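Worksheet: the structure to be examined is printed underneath.
The values are calculated or read from the model by the stated rules, or taken from the named source; none is laboratory data. Keep in mind it's a predicted model, so treat the numbers as computed, not measured. Note: ideal-geometry Cβ built from the backbone for every residue, glycine included; neighbour counts use all protein chains shown.
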Amino acid sequence: MSDILTTVGRLVSGHPMVMHAANDNKGVQKTFKDGSLMFTQSVGIAFAKGAETHWNQTQWGMAIYAAAQAAFPQGQHGAPTFAWKITDGDSAVPNKKGNKPCDREGYPGHWVLFATSCFPTPTYHAGRYAAHEVIQNKDEIKAGDYVRLSFNVSGNGSTDSPGMYINPVMLELTRAGIQIISANAPDASAAFGGSAGVLPQGAMVDTNVQPVTPVTPVTAAVVTPVQAAVTTPVQPATDLVQPQTLTPGVVTPPPVIAPPVVEESYIIDGVTHTKAALLAMPGWTEAHLANLTKA
């Protein structure tokens, strides 16, 4: 089957360039036939639901469903345990780790497609597709960005756990989005902030390196403008006494501090987004904001 190109979706999990050890159900890293260790990368891309009632009614979903029918003519694809690699983002059914799709940022209201490969996926900025323009710095793409995926699909050939392989071919970084921070990310404050580290007795410290101490914010002193001295100009000697003219000093008025500007924000799926960030997203206009809840 020829490669399939998706519409624009949001990268909600994984990274096309970051590899991880591929472990089996027992936590043992898998190997290739030559004995070398296996690493994989995976991406989860969320596509907004439309009028369809099932993902197989979408453009990319129809292609996956047709491939499954061809790969499993005996109807295995109809089993509820068939591994489609597609998740309903509104589902409240927890996975093996106890996480519900509907509780994850970016999932509700979307179909989430997962694609996995044993190699990094070539990734390009929109409109820059030359071979030398493939993205080299993994930090140029993050969870929350909007992307398009070119992939191919095939049956996994398994009789015990039938399912589909969703193989990423190329990925386009269409537009930067608001970053999604993993709920499983470690909290440094929770880990270290509750107590101070005490050096063990006899610790061999480097006295040339001073310890870092918390910086206490310093309140700037209020400076009162000083009036310039008043001087009397010297008049040339004449027979007539001229009246003295006093030149007042120039006093600089205190600066006028404008009140802080509060940027208009909206709440989507429990996450607060600024108006500017939403209007910067592809296809968004003022009309899209009319029915959103303001923060």
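Kindly establish whether residue 30 is loosely packed, with under 14 Cβ neighbours inside 10 Å, charged (D, E, K, R) and closer than 19 Å to residue 165 by Cα. Here the answer is yes, as residue 30 does meet what is asked.
Candidates in the stretch 130-156 are the residues that are in a loop (DSSP other than H, G, I, E, B) and touching a residue at least 24 places away in the same chain (Cβ under 8 Å); of these, the one that is farthest from residue 81 (Cα to Cα) is 135. With respect to residue 87, determine if the residue is within 21 Å of residue 22 (Cβ to Cβ), at pLDDT 95 or above, under 19 Å from the mean Cα position of the chain (by Cα) and hydroxyl-bearing (Ser, Thr, Tyr). In short, no.
Looking across the stretch 43-78 at every residue that is under 21 Å from residue 177 (Cβ atoms) and hydrophobic (A, V, I, L, M, F, W, C), the one that is surrounded by the fewest Cβ atoms within 10 Å (Cβ to Cβ) is identified as 48.
Entry remark, the stretch 31-57: residues being of a type outside the set (A, V, I, L, M) and touching a strand residue (DSSP E or B) at 6+ places or on another chain (Cβ under 7 Å) number 9 in total.
Among the numbered conditions (1) at pLDDT below 95; (2) in contact with a Ser or Thr (Cβ under 9 Å, 6 or more places away or on another chain); (3) surrounded by 12 or more Cβ atoms within 10 Å (Cβ to Cβ), the only one that residue 81 does not meet is (3).
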